[in-house]
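To start, the structure itself, in structure tokens.
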């Protein structure tokens, strides 16, 4: 599958977009180089939202009331990382919130649209990732409950 120009590499390493190893999983993100366990991979970025009427399937839930939504037209590579939920694959990427709980609560009390979270959700290698490995990280219970 050819790489789609609608996606941009917002991560620290070289990746390629191919068909996911997950059956009917759509696109997947594959590493083109070795990434050591614990290494910073990049950011999950988009805009914060709490509008339940949004139709995007690229939501990353912070909790049941707020999530990060990826723009439908220009998507970062981080949006291609699938969750290994209900598969035999294992999540090899983990995320870290860099906002304090107090800061996160302040955001939930105001209109969150277009709030740039690029310095808030950081992605790290949960295990060694080798060239050709597909990346997976857990979207969380809120994401799967929304389906």
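The values are calculated or read from the model by the stated rules, or taken from the named source; none is laboratory data. Owing to the predicted nature of the structure, the values given are computational and were not obtained by experimental measurement. In this analysis, Cβ positions are derived from the backbone assuming ideal geometry, glycine residues included, and neighbour counts consider all displayed protein chains.
On inspection, residue 115 fails the criterion of being within 15 Å of residue 14 (Cα to Cα), touching a strand residue (DSSP E or B) at 6+ places or on another chain (Cβ under 6 Å) and either modelled with pLDDT of 75 or more or not in a strand (DSSP E or B) (or both). The number of residues in region 21-51 being at pLDDT 95 or above, in a loop (DSSP other than H, G, I, E, B) and under 17 Å from residue 76 (Cβ atoms) comes to 1. Once region 26-55 is narrowed to residues that are in contact with a strand residue (DSSP E or B) (Cβ under 9 Å, 6 or more places away or on another chain) and without any contact (Cβ under 8 Å) to a residue 60 or more places away in the chain, the residue that is surrounded by the most Cβ atoms within 10 Å (Cβ to Cβ) is 27.
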